[in-house]
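Chemist: One structure, as structure tokens, below. Some questions next.
Rule-based calculations on the coordinates, nothing more; no lab input. Small disclaimer: the values here were computed from a predicted structure and weren't measured. In this analysis, Cβ positions are derived from the backbone assuming ideal geometry, glycine residues included, and neighbour counts consider all displayed protein chains.
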Amino acid sequence: MIALAIASSTVLLGAACAGDNLDKKDSGSAGKSADKGAVKISGQNFPEATLVASMYEQLLTAKGYDVSVSLVDTRDVYMAAGQFPTGVQIVPEYVGGIVDFLNTTENGKDAKPLTTSDAAASITAAKSLLDAKGITLLDPSAATDTNAFFVTKEFSDAEGVTKLSDLKGMNVVLAGSPDCEGRADCAGGLSDVYGINIEQVLPFQFASQQSYQSVLDNESQIGLTSTTDGTLASQGLLLLEDDKAIQTAQNLVPAVSTEFLDAHPDVADALNGLMAALTTEKLTELNGKVSVDRKQPADVAKTFLDGEGLLS
């Protein structure tokens, strides 16, 4: 997800909209004094990012920080000059997403990729770009969430499509995201690697109800989501196998202002502990609690953090 872009309307199910503050005084941090100063968390506004941002918020509030959260539609908003890391201290990120973003914005869309399927190697390759931007990536999690593409079960059965290479030569409309056009892990990869004729990319919010409905209504034939999307089966949708592997390492990773981290090293301990506790399977289950069971992200986050002993 070079993004991974990410970014959802009704599917957010109570998650914050762009610019909303997710700070919940009943999130398990009541009674903790906010004596370590203010910290602002930003990130992309889609269900999983909202859930993880709430985890960050609750962990840091419990540590004594005065936390605010403001989520936006796309990565380029919070990565814009003067916003991150100047106005934002912490972002829940994905290794491939942030590395690819920095590489293409600095070196152009045709820059040689720095990302591989190895998260640590990708971070090492991007060290000079991260240093120049004043960003430190903490420990990547075992939990990984790559871009993925879905179709209806009806379309799959009728066309014999179970993997992306089955779409070779087909003309399709893609229910994507605002930054999907041309990306190697999104529309660009579908065209260049798989030979799929992308007639149009509809720029919906990432993994949004609009995206799902567009495919269900056959306005689009394929849609963009993530491998940890827990809502697809209940909607009659299914993921296509990325059999030519256009997705790179998308492990969850905290992106922190280096200046802020130098002044507040305890932030690393809190967030690295969370990264160690998460797995892809756990993350998919948590996403399902939000998107299918309709539980509030803050409540799901608190239950998980309590269960892992991370708030004590």
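Chemist: Need the full-extension length gain, Asp192 to Asp35, defined as separation in residues times 0.36 nm minus the C-alpha distance. One decimal, nm.
Modeler: Numbers: separation 157, 0.36 × 157 = 56.52 nm, distance 5.21 nm.
This chain segment gains 51.3 nm when fully extended.
Chemist: Taking the Cα centre of the chain as origin, sum charge times position over the Cβ atoms of Lys and Arg (+1) and Asp and Glu (-1), and report the length of that vector in debye to the nearest 20. Provide the component values of the computation, followed by the final result.
Modeler: Numbers: 21 positive and 42 negative charges, 87 e Å.
Charge dipole, the chain, about its Cα centre: 420 debye, nearest 20.
Chemist: For labels at Thr105 and Asp66 in the simple 7 Å Cα→Cβ model, what's the distance in nm?
Modeler: My value for the distance between the label points is 2.8 nm.
Chemist: Between Ser226 and residues 5 or more places away or on another chain, which pairs have amide H atoms under 5 Å apart, with H built 1.01 Å from N, and which residues are they?
Modeler: Correct list: Ala148.
Chemist: Taking amide H positions as placed in the peptide plane 1.01 Å from N, state which residues far from Asp66 in sequence (5 or more) or on other chains have amide H under 5 Å from it.
Modeler: Long-range HN contacts for Asp66: Lys36, Gly37, Ala38, Val39.
Chemist: Now, a different point. List residues of segment 174-189, by number, whose backbone nitrogen lies under 17 Å from a label position 7 Å along Cα→C-beta of Ala80.
Modeler: 178-179
Chemist: Sequence-distant or interchain residues sharing an amide H contact under 5 Å with Gln200, placed H: which?
Modeler: Long-range HN contacts for Gln200: Leu174.
Chemist: Suppose R0 equals 51 Å. What FRET efficiency, 1/(1 + (r/R0)^6) with r the Cβ-Cβ distance, do Thr162 and Asp266 give to the nearest 0.05?
Modeler: Values: r = 47 Å, r/R0 = 0.93.
The pair Thr162/Asp266 has a calculated efficiency of 0.60.
Chemist: What list of ³J(HN,Hα) couplings, whole Hz, do you get for segment 226-235 from phi and the Karplus terms 6.51, -1.76, 1.60, once you set θ to phi - 60° and write x for glycine and proline?
Modeler: Once θ is set to phi - 60°, the couplings for segment 226-235 become 10, 5, 9, 6, x, 9, 5, 4, 5, 9 Hz.
Chemist: Further question on the same structure: I'd like to know which of Phe204, Thr279, Gly188 lies farthest towards the positive end of the charge dipole of the chain, counting +1 on Cβ of Lys and Arg and -1 on Cβ of Asp and Glu.
Modeler: Thr279
Chemist: While we're here: Can you figure out the FRET efficiency of Glu259 with Gln296, using R₀ = 35 Å and their beta-carbon distance, to the nearest 0.05?
Modeler: Values: r = 33 Å, r/R0 = 0.95.
In this case the efficiency is close to 0.60.
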